[in-house]
Amino acid sequence: MKPGFKQSTRLLAKRLGCSSEQMLEGFAPAQAADLDQVIPWRAENQPEELPAGDRDYLRWRYNFGDNTLPGNRKSFLWLLKIKGEILCMMGAQHHTLHTSGQNLDIAYPLDLLVRKDLNGSGLGAWINLAIQDKYPILLVIGGGTRDSARLIRRLFRAMPDRKTWKLPVSTEGTLRRLLPIAILARPISTVADGLLSLKRGFHRGTWRASGIHLEPIERFPGDIARLTRNWPTEDIYLERSADFLNWRFIDNPGIDYQALLIYRKQQLLGYVVYHLYHSLENKQMQASIDDLIWERGGGISAQQQRLQCILAASIDHLIARKARLISLASYGDQADRTLQQLGFLRRKDEQTFSIFSRMADDDYLFQPERWYLSNAEAHGMNF
C-alpha cells in the first residue's frame, strides 16, 4: 500500500467515523447478494437518469461472483460498504493489452459513483487510489464530468486526447442548426451534398474494382484475432479475441451493434463494428463506427490502400442504411491520412485518455505513437 493511500484512508476514516481497517475490509467486489441493493442505490445517487435496463447492464459488464461471461470473468464492481451501507462504488473492467510480444493485464475504471451526501468528502479520490492499489495498469478513456476529469488529471498521467472524426453525408441538419436563417439550409446543403457525393463516387469505384465485398455477421468467428498477427510488435492495442468482441458488441444489452467482415475474394481484410441512432440535435439518422481492425501485412502503401477500400465500402453500406453523418473516434495516426482522403473532418469533441502504471519498466506505455484505440475501449451512459 502506497503511503499516500494509507494516509488518505486514515484521514477519511476519521471523517466518516470508522476505522482504517473497516474501510479496507469494506472495499470489495460486489457479490450476487449485493445486486438488489446496488440497483436502487445507483438510481438514487446518479446525477443523471440512468438508461433503462440497468440490471441487465450490470450483469453484463461485471462478474458478481455467480456470472462468468467470457468478457467479464475478471471484471468487478468494487463497493465500499461500512456497516452494510454503500458509500461509493467503482467498476474495473479487466482486459488484456498486447505490446512488444507480451500480454499485459489491465483494467478500465468505470461507473464511479459516490453517495450524494458524501460528494466533496474525498471519497472519489480515495476510491481511485484504492483501485490503483488493486491493479498494476489502469486506462481511463472517454468523457465524464468536469469534476471527474480534474480528478483523473491529478491521479493519472494524461495522454493526448483521442481524435474524433466526422463525415457529413447530408449537411442540411447541421446547417439548420447553425445558420441564422434556417430556410437557407436546403439550397446550400444541396450544393454541398452534391460535391460530397462526387468525392464518394470516386472512392466507390475504387473499392468495387478491387473486388472487396462485405459480409454482415451475427457473431465473430473464433479465428478473428488473426487480423492483428501482422501488426508491428511495438504497437499497443487491446486484445481482439472472438470472446471479447462477441461480449463487448454482440451480447451488449444497451446498443444494437452491427458487425461486418470485409473480404477480397476469400481473404479476410478486416472488420467494422457500427451502430445507428437518431440524433435529436441534428434531427437525422447518424452512424458511429465503434471498432475497426484491418490486416496490416505488406508495405505501408498496400496497408493504406486496403484501409481506404475497407472504409469506403463501409461508408457506402452506412449510407445505404440511411446514415446522414458518420463518426469515428480513434487513437494513433495509422488511419488519419486515410480518413482525411475520404472526407472525414476532425472535430473538437475529443475524448480524454489517461494511464496509471506501477510497473517498473513502463516508459513505452506513455509513447502515444505506439497506441491504437477505438470506441471498443470507451464507455458511456448507453453502454
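The values are calculated or read from the model by the stated rules, or taken from the named source; none is laboratory data. All values derive from a computational prediction rather than experimental measurement. Don't worry about glycine lacking a Cβ; one is built from the backbone with ideal geometry, like all the others, and counts go over all protein chains shown.
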- Message: Take the conditions part of a helix (DSSP H, G or I), assigned by TED's automatic domain parsing to the domain that holds residue 22, out of contact with any strand residue (DSSP E or B) (no Cβ under 8 Å at 6 or more places or on another chain) and among the acidic types (Asp, Glu) and apply them to residue 66. Does it pass?
- Response: no
- Item | Candidates 376, 313, 287, 323 - the one that is surrounded by 15 or more Cβ atoms within 10 Å (Cβ to Cβ), touching a residue at least 60 places away in the same chain (Cβ under 8 Å), under 29 Å from residue 211 (Cβ atoms) and under 17 Å from the mean Cα position of the chain (by Cα) | 376
- Which one is surrounded by the fewest Cβ atoms within 10 Å (Cβ to Cβ) among residues in region 1-30 that are under 19 Å from residue 110 (Cβ atoms) and out of contact with any Gly (no Cβ under 9 Å at 6 or more places or on another chain)? 28
- Message: Being out of contact with any helix residue (DSSP H, G or I) (no Cβ under 7 Å at 6 or more places or on another chain) and not hydroxyl-bearing (Ser, Thr, Tyr) narrows it down to one residue among 106, 82, 39; which is it?
- Response: 106
- Hey, among 33, 43, which residue is part of a helix (DSSP H, G or I), among the small types (Gly, Ala, Ser) and loosely packed, with under 11 Cβ neighbours inside 10 Å? 33
- Selected residue [at pLDDT 90 or above, of a type in the set (D, E, K, R) and within 30 Å of residue 128 (Cα to Cα)] from 349, 316, 363: 363
- Of the residues in region 349-383, those that are assigned to a loop (DSSP other than H, G, I, E, B) and among the acidic types (Asp, Glu) come to 361, 362
- In region 292-348, anything in a helix (DSSP H, G or I) and among the hydroxyl-bearing types (Ser, Thr, Tyr) is listed as 301, 314, 338
- Message: Checking the condition outside any loop (DSSP other than H, G, I, E, B) and over 19 Å from the mean Cα position of the chain (by Cα), which residue from 127, 141, 152, 106 passes?
- Response: 127
